[in-house]
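Shown next, in structure tokens, is the structure this report addresses.
The values are calculated or read from the model by the stated rules, or taken from the named source; none is laboratory data. Only a predicted model underlies this, so the values are computations on that prediction, with no experimental measurement involved. Heads up, the Cβs are rebuilt from the backbone with ideal geometry, glycines too, and the neighbour counts pull from every protein chain shown.
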Amino acid sequence: MTQDMAENRAEEHPLVLQATALRQQLNHHNYRYYTLDDPEISDAAYDQLFAELLKLEQASPELKTDDSPTQRVGGEILPEFQSVTHEQPMTSLDNAFERKQMTEFERRIVERSAVSPVEYVVEPKLDGLALSLLYEDGVLVRGATRGDGTQGEDVTANIRTISSIPLCLIGEQIPQRLEVRGEVFIAKADFEQLNRQQSAKGEKRFANPRNAAAGSLRQLDSSITAKRPLSFISYGVGLMQGGASYSHYNQLMEQLAHWGVPISPELKVVKGVAACEAVYLDLQQRRSILRYEIDGVVYKVNDFALQELLGFTARAPRWAIAWKFPAEEATTTLLAIDLQVGRTGALTPVARLKSVEVGGVTVSNATLHNEDEVQRKDVRVGDTVVVRRAGDVIPEVVRMVPEQRPENTQIWVMPQQCPACGSSAVRELDKAVVRCSGGLFCPAQRKEAVWHFASRKGLDIEGLGQKLVEQLVERDLVQTPADLFLLKLEQLSTLERMGPKSATNLVESLQKGRSTTLPRFLYALGIPEVGEATARSLAHFFGDLPPLMEATAELLEQVDDVGMVVAQNIVTFFQQSHNRSVIVALQRAGVQWPKIEQQGAVTLPLTGSTYVVTGTLQQMKRAEVKAQLQALGAKVAGSVSTKTTALICGADPGSKRDKALSLGVPVLDEMDLQQLLESDY
Ligand code: 9MJ
């Protein structure tokens, strides 16, 4: 039974009426969502309507219709796909790869038709699978793949699970028979999610969205297809019987959209090759930000009468052409995996490749991102690999081709040392990135380190901009920040854009910079994740550099702002002898700062106070008292002095009590102690 038949019976039963109304609402919201991309209600509200209809149909199965939106879950298992003969062949498209071929295409049309300039409809060329959908009296009755163009496969059960394919058309003047053609595909974000799910289930990941779409459509069990995020966009009509006629392609496409069939939101009407090229360049530029993969732009003569006049060749229409983008993927051989050291010390595995043309340029290096990615993709030297270069994005190795792996390949392991300076390569907790820990010394990080050191929040050396730092490092006048302070006026004067006046000013700025503060100095060192605020907290906690350099991760974690990761970064940084040498050189060059009144754990209530405990206590052991006082931030000393905040005195005190009294140090008994410890801080 279809919705139409159900409507005819609607008067018979109020439940039929209710189910019909729910279906109409759901179809309307599907149209708003998939065709207009402009939903009127939230997903939750849609789900609620859907659940209502499902409940109704489950309670009274005779209410179900074939075109009910509830019938998308799949379940039918086929022994094989039936063959379908297309009533009108599904042709492919001729390709153009450069403007010249487009001009040639237009010239042939003008020659045959004497129409100039030619009007075209432009659509992005979706990279999926061609599909034919047959609607009879507005109801979807069959879906078929293109196959060889003459015969395809009947995939009706599968395509019924695709939410963007309407199970019945809505609106006016629906033809008796209508064959809608278009592309099934998987959007980029859906593809990523699908692959994450595949990995989580321990199943094979798909190589690309097109393969995933093809695999999903060719399932004999449609409940599997139902779980795959397939989408559909229409780009034409095969046969159309009954109903109005249409003179132009864009007019027909607009009508399709009104019937609830999704069409490309990028569809445009243009005249002449120059306008075609403008759209091509625009789409090529936006290619990477589109929701789905496209591999070119399709141009179709808009006027149906002109299309008819032009006709078909053996394989394709003469009225349409696809201007392809340069291929974004290519295969080549992986010659080596090197580590590249970034300006901030991040170590990136880079693939050295046998040169290959990708996306219109020659590529011989591609990123492998990080250690985890190399492992996940199991890429090895000697492998044949797929390289991808999308738009302006850095070329990357997408995967290796297992069938072409030579014998005796070695699993790649991340080196433990920075290739540029030999410092330890350290992986941050919970992060995929491995960093060189020789920030002050590493040649690859020199420019960044020196510039950061001299920056405004660092030692604030006026006149030492990025360009100047680059020159100093490139001419080997500066290797570490300490070398800045050894620069001579004569050396500076030889630099580009550096007159005697600027050179003198810079020497003066450097002299001024020598006297700094501990927070600035700590920030200037460029320890990963130690920013201005953390540098300040560290300076106030430790008071000077030596105790900080020797601090353990546990102690560092007591500082405000410092968690496990930052604490470990600090420990590793100061463990590198290279970094320590630079610090010594800086101090020798005269860099200095005043000590800071040590605040220690500044937030604790008894911080800054010193207690002495004497005599026998009744309630608590002496060690316990000591621990509790320390936990509140107090120091516990062994002898009384003028610096003692108070003496805590039990039974039978000795000379300490007398000394306290003589120095005017307050004496507390056990009751006072309890109050001190239990105060509501
Ligand atoms: C794609 N793949 O996006 C056609 N196509 O027209 C568009 N394919 C086509 N049109 C006639 N937008 C045959 C194929």
*asked:* Take the residues in segment 90-146 that are without any contact (Cβ under 8 Å) to a residue 40 or more places away in the chain and of a type in the set (A, V, I, L, M, F, W, C); name whichever of them is nearest to Ile165 (Cα to Cα).
replied: Val141
*Just name the residue that is farthest from the ligand (Cβ to nearest atom) out of those in segment 57-101 that are assigned to a loop (DSSP other than H, G, I, E, B) and among the hydroxyl-bearing types (Ser, Thr, Tyr).*
Ser60
*Which of the residues that make up segment 458-474 are touching a helix residue (DSSP H, G or I) at 6+ places or on another chain (Cβ under 9 Å) and surrounded by fewer than 19 Cβ atoms within 10 Å (Cβ to Cβ)?*
Asp460, Glu462, Gly463, Gly465, Gln466, Glu470, Glu474
_Selection from segment 549-584 of residues that are in a helix (DSSP H, G or I), in contact with a helix residue (DSSP H, G or I) (Cβ under 9 Å, 6 or more places away or on another chain) and surrounded by fewer than 15 Cβ atoms within 10 Å (Cβ to Cβ)_ = Glu550, Glu554, Met564, Ser581, Val584
*Restrict the check to segment 255-264 and report whether at least one residue is modelled with pLDDT of 90 or more, among the aromatic types (Phe, Trp, Tyr), surrounded by 19 or more Cβ atoms within 10 Å (Cβ to Cβ) and within 13 Å of the ligand (Cβ to nearest atom).*
no
*What are the residue pairs meeting all of these: first residue in segment 440-462, first residue in the same structural domain as Gln479 (by TED's automatic domain parsing) and closer than 11 Å to Tyr523 by Cα, second residue at pLDDT 95 or above and among the β-branched types (Val, Ile, Thr), Cβ atoms under 6 Å, and 6 or more apart or on different chains?*
Ala454/Ile461; Leu459/Thr516
*If we keep just the residues of segment 461-478 that are assigned to a helix (DSSP H, G or I) and not hydrophobic (A, V, I, L, M, F, W, C), which is farthest from Thr494 (Cα to Cα)?*
Gln466
*Looking at segment 1-35, which of its residues are aliphatic (A, V, I, L, M), in contact with a helix residue (DSSP H, G or I) (Cβ under 7 Å, 6 or more places away or on another chain) and modelled with pLDDT of 85 or more?*
Leu15, Val16, Leu17, Ala19, Leu22, Leu26
*Mind checking which pairs have a first residue in segment 229-246 that is in contact (Cβ under 8 Å) with a residue 24 or more places away in the chain and in the same structural domain as Ala214 (by TED's automatic domain parsing) and a second that is of a type in the set (Ser, Thr, Tyr) and away from the ligand (no atom under 16 Å from the Cβ), Cβ under 6 Å, 6 or more apart or different chains?*
Leu230/Ser216
*Please enumerate the residues belonging to segment 389-422 that are under 18 Å from Glu329 (Cα atoms) and in contact with a Pro (Cβ under 6 Å, 6 or more places away or on another chain).*
Arg389
_strands (runs of 3 or more DSSP E) contained entirely in segment 103-201, each with at least 3 residues that are of a type in the set (A, V, I, L, M, F, W, C)_ = 119-126, 129-136, 139-145, 177-186
*Considering only segment 213-224, state which residues are in contact with a helix residue (DSSP H, G or I) (Cβ under 7 Å, 6 or more places away or on another chain), more than 16 Å from the ligand (Cβ to nearest atom) and in a helix (DSSP H, G or I).*
Ser216, Ser222
*Please state which one of Arg196, Arg177 is more than 16 Å from the ligand (Cβ to nearest atom), charged (D, E, K, R) and farther than 30 Å from Arg287 by Cβ.*
Arg177
*asked:* Looking only at segment 273-307, filter to residues that are under 21 Å from Ile233 (Cα atoms) and small (Gly, Ala, Ser); which one of those is farthest from the chain's Cα centre (by Cα)?
replied: Gly296
*Considering every residue within segment 116-137, establish whether at least one is out of contact with any helix residue (DSSP H, G or I) (no Cβ under 6 Å at 6 or more places or on another chain), within 16 Å of the ligand (Cβ to nearest atom) and outside the structural domain of Glu308 (by TED's automatic domain parsing).*
no
_Which numbered condition in (1) within 11 Å of the ligand (Cβ to nearest atom); (2) of a type outside the set (A, V, I, L, M, F, W, C); (3) assigned to a strand (DSSP E or B) is the only one that Thr333 fails?_
(1)
*Can you pull out the helices (runs of 4 or more DSSP H) entirely within segment 587-681 that have at least 3 residues that are touching a strand residue (DSSP E or B) at 6+ places or on another chain (Cβ under 7 Å)?*
622-631, 655-663
*For segment 20-61, name all the residues that are acidic (Asp, Glu) and buried (at least 19 other Cβ atoms within 10 Å of the Cβ).*
Glu57
*Given Val385, Val401, Val450, Val434, which one is at pLDDT 90 or above, of a type outside the set (Gly, Ala, Ser), within 26 Å of Ser288 (Cβ to Cβ) and buried (at least 19 other Cβ atoms within 10 Å of the Cβ)?*
Val385
*Within the bounds of segment 404-416, is there any residue that is assigned to a strand (DSSP E or B), within 30 Å of the chain's Cα centre (by Cα) and among the polar types (S, T, N, Q)?*
no
*Just wondering, is there one or more residues in segment 142-157 that are within 16 Å of the ligand (Cβ to nearest atom), under 20 Å from Thr35 (Cβ atoms), in contact with a Pro (Cβ under 7 Å, 6 or more places away or on another chain) and in the same structural domain as Pro229 (by TED's automatic domain parsing)?*
no
*For Ala533, state whether it is assigned to a helix (DSSP H, G or I), within 19 Å of Asp560 (Cα to Cα) and modelled with pLDDT under 90.*
yes
*What number goes with the only condition from (1) part of a helix (DSSP H, G or I); (2) farther than 25 Å from Gly243 by Cβ that Tyr31 does not pass?*
(2)
